[in-house]
Amino acid sequence: MTWRERLGSAVSPPAEVGRLDTGLRFTDILFGFVIRELFIRLQNWGSLPWFVRWQLIAGTALVLGSWIGFRRSLNRSTYEVKFFNLPFFRFVLDQGMVLLYFRVATRAPNDAHAHFDADSLSQATIGTVLLIFVLYLLWDLGAIWMASVKRDRKPKYRKIDPTTNQATDEPVPRDWWGLGITFGYAASFGVLMLVTYHRHLKAYGADKRLLIAALLLIA
């Protein structure tokens, strides 16, 4: 193998269908840590103010919905993660999202008698969720990029037959519709963040904004 071939295989390694799905299992473990933090705080439900309850509802909808969506996503790559292929960069985005989920889950103190600041809780939660949706956009763009990459005039990342777990000759469809939905929700949280940061919020204001955030995430 020449040095050019070695460099090419390092920069753009050949596509290989994953066998053990290690990336999925690793991400599942991290999701478990986040869900644990939410459940610890939900135990104090009866003694929490309503703006904290809405924050926990929003966090739970975000984390559980994302975990279910991640496992069921048709755009989740089943190709082997390698340095430095496109599945690797999407895997890094996955882990970045989970870290932000953890940030949302731990915003509310786990002590029912702790002091809660409505302004900072709503601002931090909505700002973090907006950042998560920006990562969602990059993740969806990564899926479209993977569908566009070709090698020897053929799709590099081809559609996987779920029954045999083998690559077919069909190209992966580009999910522009999914990208549009993600962009719409990112824009919605962008507007919500602008409203949140440009007004001095009282407890009832935080209630309303966290309620809107929760409903958007549930939707």
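Read-outs throughout are calculated quantities, based only on the coordinates presented, and are distinct from any laboratory measurement. Nothing here was measured: the structure is a model prediction, and the numbers come from that model.
Could you work out the per residue convex hull volume over the alpha carbons of segment 53-210, in cubic angstrom?
Working: hull volume 20.3 nm³, N = 158.
Here the figure is 128 Å³ per residue.
Starting from the Cα gyration tensor of segment 94-147, take the square roots of the eigenvalues, sort them a ≥ b ≥ c, and report rounded, prolate or oblate (rounded when a/c is under 1.5, otherwise prolate if a/b is larger than b/c, else oblate).
Prolate, since a/c reaches 1.5 and a/b exceeds b/c.
Near the amide H of residue 79, within less than 5 Å, lie the amide hydrogens of 18, all on another chain or at least 5 residues away, with H placed in the peptide plane.
Lys-Lys pairs in segment 19-218 that are eight or more residues apart or on separate chains and whose Cα atoms lie under 23 Å of each other come to 5.
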